[in-house]
């Protein structure tokens, strides 16, 4: 257990559905991240939040909408996704500004878009 | 554009073997290099390297960074089946807003 939890662990959705992924960190960190991991590709950073403010949007399509209500919670709202969006979505957190701000990852949500 | 390249892409060894995984990078304003182990889902942190020539060690795993030649290696001695995983290398840049650039990973399989 890394102190970062994600729900659901698996999600199957149609292209017209709306769903949300949830991430919670219990480490007292102030930065949270969403990554996408597709088969045979490097982990791709999607969004970064520092102190609840979005500081990075890595050219992510608008069908992915993040929300960070506080430093412990991060959501990724999904709507009208495409089959190529099927991937493992990983959340991470870190203590930004500390001498070592190592990112700790959650277990991920395996998303399948039909 | 920042780039991280890992080699080999995959590797199959027998228990007891020693393996060396490679990570080379091309980034501006390097801050640190990190190694993660990913077994099923969550990558778990192994090492963070910021200085050249200083070996980090944890049990049978060790890693070293060469900032002149822009690479790092991860060594695993006396491999066990439990070492089977994808090993990810990532680089953080200064002023990058905590942004990590990952390599594609090395898939290691340790057989009996």
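Test residue A:9 against the stated conditions and say whether it is at pLDDT 90 or above, within 12 Å of chain B (Cβ to nearest Cβ) and touching a strand residue (DSSP E or B) at 6+ places or on another chain (Cβ under 7 Å).
So residue A:9 fits the description; yes.
Could you list, in sequence order, the residues of the stretch A:45-67 that are within 14 Å of another protein chain (Cβ to nearest Cβ), crowded, with 17+ Cβ neighbours inside 10 Å and in a strand (DSSP E or B)?
Listed by number, the residues that qualify are A:45, A:46, A:47, A:48, A:49, A:50, A:56.
Check the stretch B:37-51 and report whether any residue there is more than 14 Å from chain A (Cβ to nearest Cβ) and crowded, with 18+ Cβ neighbours inside 10 Å.
Checked the stretch B:37-51: no residue is more than 14 Å from chain A (Cβ to nearest Cβ) and crowded, with 18+ Cβ neighbours inside 10 Å.
List the number of the failed condition for residue A:111; all other conditions in (1) surrounded by 17 or more Cβ atoms within 10 Å (Cβ to Cβ); (2) farther than 20 Å from residue A:30 by Cα; (3) more than 13 Å from chain B (Cβ to nearest Cβ) hold.
Only one criterion in (1) surrounded by 17 or more Cβ atoms within 10 Å (Cβ to Cβ); (2) farther than 20 Å from residue A:30 by Cα; (3) more than 13 Å from chain B (Cβ to nearest Cβ) is unmet by residue A:111, namely (3).
Restricting the search to the stretch B:4-18, which residues are surrounded by 15 or more Cβ atoms within 10 Å (Cβ to Cβ) and in contact with a helix residue (DSSP H, G or I) (Cβ under 8 Å, 6 or more places away or on another chain)?
none
Given the stretch B:11-112, what strands (runs of 3 or more DSSP E) lie entirely inside it while holding 1 or more residues that are under 23 Å from residue A:89 (Cα atoms) and touching a strand residue (DSSP E or B) at 6+ places or on another chain (Cβ under 6 Å)?
B:30-38, B:43-49, B:85-93, B:100-102, B:106-111
When you go through B:75, B:22, B:98 one by one, which is the residue that is at pLDDT 90 or above and under 27 Å from residue A:87 (Cβ atoms)?
The match here is B:22.
State all residues of the stretch A:68-108 that are assigned to a loop (DSSP other than H, G, I, E, B), more than 10 Å from every other protein chain (Cβ to nearest Cβ), more than 13 Å from residue A:27 (Cα to Cα) and touching a strand residue (DSSP E or B) at 6+ places or on another chain (Cβ under 9 Å); if no residue qualifies, say none.
The answer is A:80, A:81, A:82, A:86.
The values are calculated or read from the model by the stated rules, or taken from the named source; none is laboratory data. Keep in mind that what you see is a predicted model, and the values were worked out from it rather than measured. All Cβ positions, glycine included, derive from the backbone under ideal geometry; neighbour counts span all protein chains shown.
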